[in-house]
1. For the stretch 50-90, how big is the tail of P(r) above 12 Å, as a whole percent of Cα pairs?
2. Based on the mean of other Cβ atoms within 10 Å per residue, sort peptides 110-116, 77-83 so the most packed one is first.
3. Cα centroids of the stretch 175-203 and the stretch 120-157: how far apart, whole angstrom?
4. Going by accessible area, probe 1.4 Å, with all protein chains left in place, what is the ranking of Val203, Val61, largest first?
5. Taking just the alpha carbons, could you work out the radius of gyration and Dmax for the stretch 56-149, both in angstroms?
6. List, largest first, the extents of the alpha carbons of the stretch 83-131 along their principal axes, each in whole Å.
7. Please compute one quarter of the surface area of the Cα convex hull for the stretch 87-203 and express it in square nanometres.
Amino acid sequence: MTPPSTAAADYQMFLSGAARHLSITGAIAPTLPTMARTLAAIVPSTHPVTVIELGPGTGAVSTAIHTRLTPGSRHIAIEIDPHMINHLHHTHPWLEVIHGNATHLTQLLTTTGTHQADAIVSTLPWSMIPTPQQTTILQQIAQTLAPGAAFSTVVGLHARPLTTNARRFRHHLTTTFDEVLTTSTIWRNIPPSRSYVCRRPRV
């Protein structure tokens, strides 16, 4: 369990980040442990792997991923907010954090010497991302996944009926991946959310 002092610091950092970049944060609280474990469940835990995380924020999902990794694994996170990156460097020193936008995923990974991932986990605020950028990110995710690898992401239920971008996101998933599974809603998350698990890219 996360120590209270660390949790408080994470929440304060999250609020600061949301105030600076509400349009790219897209949430009002860090991901709760139950949802974090759900998203991280796609990460293989039996052998060394490479995991890519998009939008780690304060590191709630990063911690859940880390508990599944075996020695020799790599955990690379793409984060757009420099303040969050500084926070992660202090609280998650084992995490490889790259400053950048997920729309440049393949280019950013080239700088790390990585071209394929055994799992990609995202908490990006899809409802806030314009449709063309959604398409670009999903295509690069599909190109980066190794054979047999999976992609998981979260969508807040508050966003689904409100914006065109959110409504179209589910369609984009089915046109990008052969298999798209929807998990049960986790009502305790803020906001209540569900996750998608995607496999077998069509590209």
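The values are calculated or read from the model by the stated rules, or taken from the named source; none is laboratory data. These numbers were taken from a predicted model, which means no experiment stands behind them. Virtual Cβ from ideal backbone geometry, glycine too; neighbours counted across all protein chains shown. The protein model used for the area step is the full one, side chains on, heavy atoms only, and it has no ligands, DNA or RNA in it. Shrake-Rupley method; radii C 1.70, N 1.55, O 1.52, S 1.80 Å.
1. Details: 464 of 820 pairs.
Result for the distance tail: 57 percent.
2. On the way: 110-116: 11.7, 77-83: 19.3.
Output ranking for 110-116, 77-83: 77-83, 110-116.
3. 10 Å
4. Ranking Val203, Val61 by accessible area, largest first, yields Val203, Val61.
5. Reported Rg and Dmax, both Å: 13.1, 38.
6. Principal axes ranked by extent give 34, 25, 18 Å for the Cα atoms.
7. 8.0 nm²
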